[in-house]
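Shown next, in structure tokens, is the structure this report addresses.
Every read-out reported here was derived from the displayed coordinates using simple, explicitly stated rules and does not represent laboratory data. Quick caveat: nothing in here was measured; it's all calculated off a predicted structure. Virtual Cβ from ideal backbone geometry, glycine too; neighbours counted across all protein chains shown.
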Amino acid sequence: MPIGQATRGYETWLARQIPLLAADLRLKHQRMAESPFAFLRATFYHWSQLWPEACPELMSAFLVQGVGDLHVENFGTWRDGEGRLIWGVNDFDEACWLPYANDLVRLAVSAQLAVQENHLSCDLTSICDAILEGYVEAIEESGTPFVLAAHNRWLRDLAMNELRDPVRYWDKLAQWKEVSTVPREVEMAFKLAMPEPGLAFRVVHRQAGLGSLGRRRFTALAEWRGGLIAREAKQLVTSAWHWTCPPRHESGLLYQQTIQQAVRVPDPFVRLHGNWLMRRLAPDCSRIELASLPKAKDELKLLEAMGWETANIHLGTNRAAKAIQKDLRRRSARWLVRATSAMTRATVKDWKEWRGKA
């Protein structure tokens with residue numbers, strides 16, 4: 001299906017479930033034309049159409065509760081209940097049942113596109129080898145979360161760099177336009193999420209992300225005991241994967257279930273309130289953009305960690321480890337390279353088509 005037709009069809013399907021913001025959709029369409037990497041992030045709905053055509057041999061891979069919209073900028077940090085800094089997958093908006101290989105291929109494609117934009121500098125084979133090495137090792141060892149304390153200091157240094165400066169972060173957040181109308185259930189959720197009863201807050205509309213751009217998103221800002229705090233409410237819907245692929249398992253919102261089952265240190269502020277995702281926003285509780293990483297970084301080590309973290313998610317599926325190991329043994333040595341090449345070509349082709357019409 002041509003990308004223009006796919007976008008119209010998906011947005012029509014989406015609008016039947018939740019209200020959409022026309023101005024944010026226009027911005028999303030503009031940003032989709034900026035680069036293949038931005039296009040990839042914004043179009044998981046079309047990826048779900050391209051996948052069976054470009055990678056038919058992977059459709060039979062073991063089904064897991066996966067991330068779906070996985071890419072190299074879908075990783076970030078948060079604080080756990082003990083105040084420790086944790087690193088891992090940051091966004092489960094598109095969590096669904098899908099072949100485990102889908103998350104690996106999409107992660108590798110995003111890294112390959114990031115190379116084309118000079119955010120990374122490794123070759124395709126090295127990208128795939130690093131991701132797969134981390135993934136396989138984690139599957140064999142039953143996974144381990146990334147706690148950035150005594151261990152994983154190299155990753156902590158990457159995550160906590162000067163471009164995530166708190167002053168810049170809060171200044172940017174405070175500049176968003178205040179909204180006058182907030183859904184009642186969101187206002188109640190914000191009140192419950194504040195650190196003390198009766199704390200006054202103002203609500204702004206923040207344009208963020210790409211895959212979810214166009215959906216309603218509210219951010220509550222409050223002054224509390226000497227500084228700003230923020231809580232976000234983002235409206236969720238069933239994964240776009242099910243717009244294309246009929247579900248063989250439960251197809252409702254799997255955000256909470258996926259993170260609860262994964263090998264993971266939870267963020268105590270992340271919870272669902274109906275179909276609204278509630279979470280804390282802070283400089284060290286947010287997604288990490290590639291452009292914000294220091295120039296000097298061990299790219300392959302980072303990709304290996306991303307592969308490991310992907311396994312941490314997949315291991316939440318019952319009997320996943322043995323089934324995935326069995327499936328991997330029957331795959332050829334370069335299956336991930338071939339699949340990544342095929343999906344990269346398909347993605348760039350559709351981006352060029354979209355750019356020509358945007």
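The table below gives the values:
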item	result
Residue-count net charge about Ser35 - beta-carbon cut-off 10 Å; Lys, Arg +1, Asp, Glu -1	+1
Folded to 0 to 90 degrees: helix 22-32 orientation relative to the chain principal axis, Cα	40
Tail weight of P(r) past 23 Å, computed on alpha-carbon pairs of the range 171-301, percent	43
Net charge over other residues, Cβ less than 12 angstrom from the Cβ of Ala200 (K, R count +1; D, E count -1)	0
Global size of the chain as Cα Rg and Dmax, reported in angstrom	19.7, 60
DSSP-defined antiparallel bridges as percent of all bridges, the chain, nearest 5	95
For the range 1-93, alpha-carbon Rg and Dmax in angstrom	16.2, 49
Gyration tensor over alpha-carbon atoms, the range 114-244, equivalent ellipsoid semi-axes in Å	35, 21, 18
Set of aspartates and glutamates with alpha-carbon distance to Lys301 below 15 Å, sequence-local pairs under 8 removed	Asp123, Asp129, Glu133, Glu137, Asp157, Glu309
Formal net charge of residues neighbouring Val115 (Cβ-Cβ distance under 10 Å; K, R +1; D, E -1)	-3
Crossing angle, helix 124-140 versus the chain [Cα axis fit, 0-90 degrees, rounded to tens]	80
Per-peptide average of other Cβ atoms within 10 Å, ordering 330-339, 100-109, 195-204 highest first	100-109, 330-339, 195-204
Unsatisfied cross-links (Cα-Cα over 21 Å) in the set Lys177/Lys234; Lys177/Lys357; Lys172/Lys234	Lys177/Lys357
